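Reading through the structure tokens given below for one structure.
The values are calculated or read from the model by the stated rules, or taken from the named source; none is laboratory data. Note that the coordinates shown come from a computational prediction; the quantities given were computed from them, not determined experimentally. Neighbour counts are summed over all protein chains in view; Cβ atoms, including those assigned to glycine, are modelled from backbone coordinates with ideal geometry.
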Amino acid sequence: MILQQLINGLTLGSTYALTAVGYSMVFGILELVNFSHGSVYMVGAFLTLIFLTSLKLNFFVSFLLSIILTGLLGILIDKVSLYPLRRKNAPKVTALISTIGVSIFLQNLVMLVWGSETKNFPLVINPGAVELMGVKVSFLQMIIFSMCLVIMIGLNTMIQKTRIGKAMRATAQNAEAAKLMGIDINRVIMITFFIGSALASVAGTMVGMYYQTIDPYIGYMAGLKAFAAAVLGGIGVLPGAIIGGLLIGVIETLSAAYINSGYRDAIAFAVLVLMLVIKPSGLLGKQVSKKV
Amino acid sequence: MKLLHKGIDFYMNHKKLLIMMLLVPIMAVPFFGFSPYMMRMITLSGIYIILALSLNLLTGFTGQVSLGHAAFYGIGAYTSALLAIRFDLSFVYTAIAGGLVAGFFGLLLGLPTLRLNGTYLSIVTLGFCEITRLVALNWMDLTRGPMGLTGIPLPKVFSWVIDKDAEFFYLILILIILTWVAINNLIKSRTGRALISIREDELAAEAMGINILKYKLIAFTTAAFFAGIAGSFYAHYASFIDPQSFTFDESIQILSMVILGGMGSNLGAAFGAVILVSIPEMLRGLQEYRMLMYGAVLVIMMLMRPQGLLGNVKLGDILNKKPVNEEEVSQDA
Amino acid sequence: MHKLQIEGLTKTFGGLTAVNNVAMHVDDNEIVGLIGPNGAGKTTLFNMITGLYTPTSGQLLYQEKDITGLKPDKITDIGIARTFQNIRLFPMMTALENVMIGLHTRTHSTMFDSILRTKRHRTEEKNNIQRAMEILEMVGLESKQDEYSKNLPYGEQRKLEIARAMASNPGILLLDEPAAGMNENETAELTGFIKGLKGLGMTVLVIEHDMRLVMSICERIYVLDYGSKIAEGVPKEIQSNPQVIEAYLGKGA
């Protein structure tokens, strides 16, 4: 039983991890919280569904289109709501409020365009499952987990090995110096938003398939849990997002099963608040001293 | 342009007088023969004015952006509702109790501010709001969960039962005036200057001898206290409350009012509350665009005027000292 | 008995030692200078004295009382006030309000006094405004009382910051590069002003790069280099100290 919950928790957790990457990467580079990320995740799930059902496209085409469009949406959000603030050197909190605005705007836009009712997400993967020692692991769970794993390894390799990855790390370390070394900061930021949002679309679509329903409100909770995951692991640190995501997923599933399912959402918040109060830098983050 | 300047100067020089003059027609509102629906909107605006004023103390004056103000509103509402239902207490007591319990939670939420700043603090307030809502949703014995509390008695001020629109109106008006005077007096004092200095430069404030934790706690507790009182009024007025009324969206609405009207201006916050309650109502067809509008307000205000329409900058200053390109725009207009 | 006594004060950040085993003292009604090349650890020393940094080791005594590790607001309360190298006024508060913040530790009305407008609040507020105006007059800013501090010219902002620190009626006033960014006239005026503070009975510890200012107002001078004290003495001795010259001009010069 506990093993089964663990499997379910890891599946859910891997989607949190994918979403957490978006928060973490943006924070790493811009040191701000992009609150709209949860809504981006929701839009990603909706786009896949709309291409799939309304336009009757093949699942993989729908998924790919959604990933690209959601990635572009991320860039657009930065250009509209963050870039102007960056240029004015506005306090970080204005960026938070501005992206909260974007988040609410997107959520309500989706409600106006596609309706606020819950939508069925069709089965596209064989619903079968493998049973091992009394633990049922569905094909979909395997796909979600392995897909997240592959993406994370790929992303990590990209950031460690490629030119753009190095540029991203340099910008995260010291944007001013990176600029002087000839790194095109704006391009780095654009790519960061694209990747983060594209991954949110992957996560949103996966969760849509997993629960077989989506609605315009899913982004809020998922976004906050992913943010909690990013903070837990250490915001700005990529492996932190993975560890945080998996942990939040497991903690949530276990506490829902063994404590009280009514409080399953509260657990993530409690972890978030405790972590921020006790060690804001997270499990893998470094403590920063205050500047005078 | 010149006329506008003169108008602004006049407003600045005679602020007190103008607000007093405004009070006369406001006092007469129940005699205008408004429909019950209209009176309801006006009373509702009144509740939001208190919420915006209290959040403004915390966010506008002290600079601590809270995304969880609805939690205090809710705590105040539940406290008074329960006291009124179970013990049949008078509104005077339930309101004070609602304020005090909310204030206590404000104090608790304020404690981590010693270590947290800016964005992280805001996120903690958001987490607090969600946890409060989930507790209200799950603590069936006390709150009846999603069914909410029904049959909250009409407010009694000692033996006088308030049940007419006009009476509700005067009750909320009195609460607004009390809140306004209290917050205004607080701001224009040694304590208020300490709060503002924390917003302006926390480190310098500390170096000038201000105990940061103490003053942040004062801001959190006072803001929560008044939000609790607003909640208390709401509970008696609506006679029904459930966790749906105190969500994150509600917090965002209150924050939007403060941001639109003006951070660090009481008049601005009140103005923001009235606008954001009445515009969606006036444009009935646009009702479903209401939250869309809140979203847009936040983004646009952050980009164009983070200090809000009547923010604590002297308006004349802004018109005179705008960056070059913006000045051109305003001259064209 | 020294007014301020510093013993073996050390501050390390990670592996870097910013201030290394520094001992110094300031006596009552003295003007003492603290000089040294950029990055010598002067501001770090100030930050430790005023409680913004906790010393890694060492001791700070103010009027023979141990103040090591106290919080900044407590230290101001006890009697040490400062200005900042990169002016830290409250930009959206008026000049008068900035000075009134300086009076915070010397006043006592509570939030309830303010809300209820008690007699204590009213008399204290009246006295506060009067006292703040007097201090503004001392620095020649009385006509700017209602200006937002961010709208003041640079030189006046520097003066206002000194006024704000003076308002807390400090036993020792710490000035961190008060002449930075000032032109020659302004610097001359500032020199006169700081000299005048001594006449008012004040004690001043000043970090400054402008040698003319330092040499003309300071009775004693400490020199830091790479976090360590390399010299101390009256201005004449410092000017002719070969180690100081080397620190400023670099080895081999």
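Can you tell me which residues in the range B:243-269 are at pLDDT below 85 and more than 12 Å from every other protein chain (Cβ to nearest Cβ)?
B:261, B:262
Does residue A:241 satisfy the condition of being within 12 Å of the chain's Cα centre (by Cα) and either among the hydrophobic types (A, V, I, L, M, F, W, C) or farther than 29 Å from residue B:66 by Cβ (or both)? So that I can check it myself, show each step before the final result.
Working: within 12 Å of the chain's Cα centre (by Cα): yes; either among the hydrophobic types (A, V, I, L, M, F, W, C) or farther than 29 Å from residue B:66 by Cβ (or both): yes.
In short, yes.
So that you can scan it fast, the table gives a plain yes or no per residue for (1) touching a strand residue (DSSP E or B) at 6+ places or on another chain (Cβ under 9 Å); (2) at pLDDT 85 or above; (3) farther than 30 Å from residue A:100 by Cβ:
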| residue | (1), (2), (3) |
| --- | --- |
| B:126 | no, yes, no |
| B:143 | yes, no, no |
| B:168 | no, yes, yes |
| B:181 | no, yes, yes |
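Please count how many residues of the range C:90-143 are in a helix (DSSP H, G or I) and under 19 Å from the mean Cα position of the chain (by Cα).
13
Can you give me the ranges of the helices (runs of 4 or more DSSP H) entirely in the range B:83-184 with at least 2 residues that are more than 14 Å from chain A (Cβ to nearest Cβ) and surrounded by 19 or more Cβ atoms within 10 Å (Cβ to Cβ)? Before you say what the answer is, go through the steps one by one.
Values: elements: B:91-110, B:118-138, B:140-143.
Ranges flagged: B:91-110.
Of the conditions (1) touching a Lys or Arg at 6+ places or on another chain (Cβ under 7 Å); (2) within 10 Å of chain B (Cβ to nearest Cβ), residue C:77 clears all except one; give me its number.
Going through the list (1) touching a Lys or Arg at 6+ places or on another chain (Cβ under 7 Å); (2) within 10 Å of chain B (Cβ to nearest Cβ), residue C:77 breaks only (1).
Among the listed residues A:151, A:104, A:125, A:159, which satisfies the condition of being in contact with an Asp or Glu (Cβ under 9 Å, 6 or more places away or on another chain) and among the β-branched types (Val, Ile, Thr)? It would help to see each step written out before you state the result.
Details: A:151 fails: in contact with an Asp or Glu (Cβ under 9 Å, 6 or more places away or on another chain); A:125 fails: in contact with an Asp or Glu (Cβ under 9 Å, 6 or more places away or on another chain); A:159 fails: in contact with an Asp or Glu (Cβ under 9 Å, 6 or more places away or on another chain).
On inspection, the qualifying residue turns out to be A:104.
Check residue C:87 against each of (1) in a loop (DSSP other than H, G, I, E, B); (2) among the β-branched types (Val, Ile, Thr); (3) more than 14 Å from chain B (Cβ to nearest Cβ) and name the one condition it does not meet.
(3)
Find all pairs meeting these conditions: Cβ atoms under 7 angstrom apart; at least six residues apart or on different chains; first residue within the range B:189-207 and in contact (Cβ under 8 Å) with a residue 24 or more places away in the chain; second residue polar (S, T, N, Q).
Once the first residue is in contact (Cβ under 8 Å) with a residue 24 or more places away in the chain and sits in the range B:189-207, its partners that are polar (S, T, N, Q) give B:191/C:114; B:192/C:114; B:195/B:62; B:198/B:62; B:199/B:62.
Grab the helices (runs of 4 or more DSSP H) fully contained in the range A:54-114, keeping just those with 2 or more residues being without any contact (Cβ under 8 Å) to a residue 60 or more places away in the chain, away from chain B (no Cβ under 11 Å) and over 18 Å from the mean Cα position of the chain (by Cα).
In the range A:54-114, the matching helices (runs of 4 or more DSSP H) lie at A:59-77.
Restricting the range C:98-110 to residues that are facing chain B (nearest Cβ under 8 Å) and surrounded by fewer than 22 Cβ atoms within 10 Å (Cβ to Cβ), which is nearest to residue C:63 (Cα to Cα)?
C:107
Scan the range A:148-195 for residues that are out of contact with any helix residue (DSSP H, G or I) (no Cβ under 7 Å at 6 or more places or on another chain) and of a type in the set (D, E, K, R) and jot them down.
A:161, A:163, A:166, A:176, A:184, A:187
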